[in-house]
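Engineer: Dropping a structure here in structure tokens format, bear with me for questions.
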Amino acid sequence: MFFRKANEVALSDNYVRFQLIEYSIQIIKDYFPFGTGPGTFGSQLSLQYPIIYEKYGVGPNILGYNGHRGPIYDAFLFTFTAEMGIGIILYLILLVSIWRKKPLINNHVLKTTKRFIIIAIFIIGLFAPVIMNPFGLISFSILGLISKNGN
């Protein structure tokens, strides 16, 4: 019952992160290639600089109701691209360079683990800021520990 209700919300058009993706795509188109700068979405700074929220009509379902701040939502890769523009290329280069590194020990399990973590970081990064949370810290730490320095 709980999962059915959660899936109805998460898969509906009113899901906040899908709306953030739509706003981000509009911002990317309007501010390409440099983006709007840090603090556009999901931060304390963004609440003090509401110009983008007002320009794109970001509603209270994202910002909060009755003058109270709502939860800070994020759709990391999309909002990051809206803020940093082509700076997303640096993040993707980081992931590709880690993908190309050989594991510390030439072992099928380590290769598979490394690929799984990179794919997980990318997929979870669509909806969560993986660089700035414990999952991302642990994932990047594991990748650093199992990858060789150099090629």
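The values are calculated or read from the model by the stated rules, or taken from the named source; none is laboratory data. None of these values were measured; they are calculated from a predicted model. Note that each Cβ is placed from the backbone with ideal geometry, even for glycine, and that neighbours are counted across all protein chains shown. Please note that ligands, DNA and RNA were not included when accessible areas were found on the heavy atoms of the full protein model with its side chains. Shrake-Rupley method; radii C 1.70, N 1.55, O 1.52, S 1.80 Å.
Engineer: Accessible area per residue of segment 72-151 at 1.4 Å probe, in Å²? If you can, show how the numbers build up before the last one.
Structural biologist: Values: 4870 Å² over 80 residues.
Counting only protein heavy atoms, the per-residue value for segment 72-151 is 61 Å².
Engineer: In terms of Cα to Cα distance under 22 Å, which lysines are near enough to Lys111, apart from those fewer than 8 places away along the same chain?
Structural biologist: Filter leaves Lys101, Lys102, Lys148.
Engineer: In nm, give the distance between the simple-model label positions of Met132 and Val96, each being 7 Å from the Cα along the Cα-to-Cβ direction.
Structural biologist: 2.6
Engineer: Let me ask you something else. Which of the lysines could be linked to Lys55 by a straight reach, that is with a Cα gap under 19 Å, when you skip same-chain ones fewer than 8 residues away?
Structural biologist: In chain and number order, the partners are Lys29.
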